[in-house]
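Quick notes on the structure that follows.
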Amino acid sequence: MQLPATTTLEQAAELALTLPAAMAEGSGPVQIDASALQDFDTSAIALLLQARRLAQAAGHGFQVVGAPAKLAQLAQLYGVEELLSLATPGTPATA
């Protein structure tokens with residue numbers, strides 16, 4: 001799943017509606033590509049946590065790749081960076 005450049009409260013609410021179908025696709029780990037994110041707020045963190053919960057409920061692994069540094073800082077501020085398995089550009093992806 002690719003996050004759009006803007007993921008604020010309004011977009012996050014719309015994206016949240018697509019999560020169940022996105023999590024049902026495939027049988028491997030769920031990978032969220034955050035590389036396009038430019039304009040986002042804490043609702044992006046909430047969206048990612050919801051995606052993680054849904055992936056785990058479906059028995060899938062979960063990882064966020066291409067996370068901008070600001071997203072990683074926000075996740076760290078809220079103490080959820082390990083839960084989100086963030087991989088920032090230049091950081092090797094782990095599953």
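The values are calculated or read from the model by the stated rules, or taken from the named source; none is laboratory data. On a predicted model such as this, the values are computed, not experimentally measured, just so you know. Cβ atoms come from the backbone with ideal geometry, glycine included; neighbour counts cover every protein chain shown.
Residue-by-condition table, conditions (1) surrounded by 15 or more Cβ atoms within 10 Å (Cβ to Cβ); (2) closer than 13 Å to Asp33 by Cα; (3) modelled with pLDDT of 85 or more:
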site: Gly59; (1), (2), (3): no, no, yes
site: Phe62; (1), (2), (3): yes, yes, yes
site: Gly79; (1), (2), (3): no, no, yes
site: Leu83; (1), (2), (3): yes, no, yes
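Quick one: what pairs do we get from segment 1-24, first residue assigned to a loop (DSSP other than H, G, I, E, B), second among the charged types (D, E, K, R), C-beta under 6 Å, 6+ apart or different chains? Between residues of segment 1-24 that are assigned to a loop (DSSP other than H, G, I, E, B) and residues that are among the charged types (D, E, K, R), the close pairs are Thr8/Asp41.
In segment 25-42, which residues are in a strand (DSSP E or B) and free of Cβ contacts under 8 Å to residues at least 12 places away in the same chain?
Within segment 25-42, no residue meets the criteria.
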